[in-house]
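One structure is given here, and the rest of the page talks about it.
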Amino acid sequence: MKQDASRNAAYTVDCEDYVHVVEFNPFENGDSGNLIAYGGNNYVVIGMCTFQEEEADVEGIQYKTLRTFHHGVRVDGIAWSPETRLDSLPPVIKFCTSAADMKIRLFTSDLQDKNEYKVLEGHTDFINGLVFDPKEGQEIASVSDDHTCRIWNLEGVQTAHFVLHSPGMSVCWHPEETFKLMVAEKNGTIRFYDLLAQQAILSLESEQVPLMSAHWCLKNTFKVGAVAGNDWLIWDITRSSYPQNKRPVHMDRACLFRWSTISENLFATTGYPGKMASQFQIHHLGHPQPILMGSVAVGSGLSWHRTLPLCVIGGDHKLLFWVTEV
């Protein structure tokens, strides 16, 4: 792998508005293209993109908007449902959003006449993370500044409620053992909950604050990564409740941490949007320095492609895509 430190995005897609959040669909969706969702000040766009890295007859990126959903309020978070399928008849698009009005909206569409959404209310402060259970897609977990983690069914009924010691920043579901949930708090504690017993079973400590984002590695679920203060931190939960590995990365405080979906050694971090731009870095655990560094005008959101070493970030009227090598 060559050291290719600083460069521009490989591909860009123009958007009609500032992009607050962007998420690739992490699930197999029954089509060769990749579903992507991004949210702005009052809408959510569902699109399809294909890259030259996966299709020989595509030059660069091929992007098509499938549907724009009016949202009416700023979109803060997006989570895809595993029930989304493009090869069913009719197709099913299912996702939920968190918004500036502290509500969750669950959208269902067949990309034609059926476009429905349901509102899930209960949080009393901003929602910082939300996720569908990855197997059946019948439950949604959310964490908030209101010091709670809540589990909802698709009817909008809360089926579990955990009181946290500080704002909840990230929530992740175990990819296989769907009774296990990881919740990261701003005070630096990451707890794992058993949803059957409805209690915490394990905790990790970052020893530095504020913890802004944490992510469970899907390729190796013994690994957890996070950003706190200016550093990224990585735990091996079989070895210690303290980080095995950490490094300062962002001068202006780190903002987001995401593991690649295809390698347990590859991850990306972002810094806070500064006066000019926010910093974006891709790291490989075998390399002392970031293997890729970019900057994005008012960057926000961060998501990895399901099968390629490719990241997307939202920007000012743009989606920006970076490609690296594994």
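The values are calculated or read from the model by the stated rules, or taken from the named source; none is laboratory data. Quick caveat: nothing in here was measured; it's all calculated off a predicted structure. All Cβ positions, glycine included, derive from the backbone under ideal geometry; neighbour counts span all protein chains shown. For the accessible areas, the whole protein counts, side chains as well, though only heavy atoms, and no ligand, DNA or RNA atoms are used. Shrake-Rupley method; radii C 1.70, N 1.55, O 1.52, S 1.80 Å.
Can you confirm whether ASP87 is in a loop (DSSP other than H, G, I, E, B) and within 17 Å of ILE46 (Cα to Cα)? Talk me through it step by step, then tell me what you get.
On the way: in a loop (DSSP other than H, G, I, E, B): yes; within 17 Å of ILE46 (Cα to Cα): yes.
In short, yes.
How many residues are open to solvent by less than 60 Å² (accessible area, probe 1.4 Å), assigned to a strand (DSSP E or B) and without any contact (Cβ under 8 Å) to a residue 60 or more places away in the chain when one looks only at the stretch 50-62?
1
Any chance the stretch 68-83 includes a residue that's among the acidic types (Asp, Glu), open to solvent by 30 Å² or more (accessible area, probe 1.4 Å), modelled with pLDDT of 95 or more and assigned to a loop (DSSP other than H, G, I, E, B)?
yes
Across the stretch 29-42, what is the total count of residues that are free of Cβ contacts under 8 Å to residues at least 60 places away in the same chain and either part of a loop (DSSP other than H, G, I, E, B) or more than 16 Å from SER300 (Cα to Cα) (or both)?
Number of matching residues: 9.
Being in a strand (DSSP E or B), touching a strand residue (DSSP E or B) at 6+ places or on another chain (Cβ under 7 Å), surrounded by fewer than 21 Cβ atoms within 10 Å (Cβ to Cβ) and not assigned by the TED database to the domain that holds PHE69 narrows it down to one of ILE190, ILE201, so name that one.
On the way: ILE190 fails: surrounded by fewer than 21 Cβ atoms within 10 Å (Cβ to Cβ).
That would be ILE201, the only listed residue that is in a strand (DSSP E or B), touching a strand residue (DSSP E or B) at 6+ places or on another chain (Cβ under 7 Å), surrounded by fewer than 21 Cβ atoms within 10 Å (Cβ to Cβ) and not assigned by the TED database to the domain that holds PHE69.
If we keep just the residues of the stretch 30-42 that are modelled with pLDDT under 95 and of a type outside the set (Gly, Ala, Ser), which is least open to solvent (accessible area, probe 1.4 Å)? First the steps, then the outcome.
So in the stretch 30-42, the residues modelled with pLDDT under 95 come out as 30-34, 40-42.
When the remaining residues are screened for being of a type outside the set (Gly, Ala, Ser), the result is 31, 34, 41-42.
Details: ASP31: 68, ASN34: 19, ASN41: 69, ASN42: 67 Å².
Going through the qualifying residues, I end up with ASN34.
Can you tell me which of VAL249, VAL224 is open to solvent by less than 40 Å² (accessible area, probe 1.4 Å), of a type in the set (A, V, I, L, M) and either in contact (Cβ under 8 Å) with a residue 60 or more places away in the chain or farther than 19 Å from VAL183 by Cα (or both)?
Details: VAL224 fails: either in contact (Cβ under 8 Å) with a residue 60 or more places away in the chain or farther than 19 Å from VAL183 by Cα (or both).
Selected residue: VAL249, the only one of VAL249, VAL224 that is open to solvent by less than 40 Å² (accessible area, probe 1.4 Å), of a type in the set (A, V, I, L, M) and either in contact (Cβ under 8 Å) with a residue 60 or more places away in the chain or farther than 19 Å from VAL183 by Cα (or both).
Could you give me the residue pairs with C-beta distances under 6 Å whose first residue belongs to the stretch 304-326 and is among the polar types (S, T, N, Q), whose second residue is in a strand (DSSP E or B) wherever it lies, and which are 6+ apart or on separate chains?
Cβ pairs passing all conditions: THR324/ILE282; THR324/LEU292.
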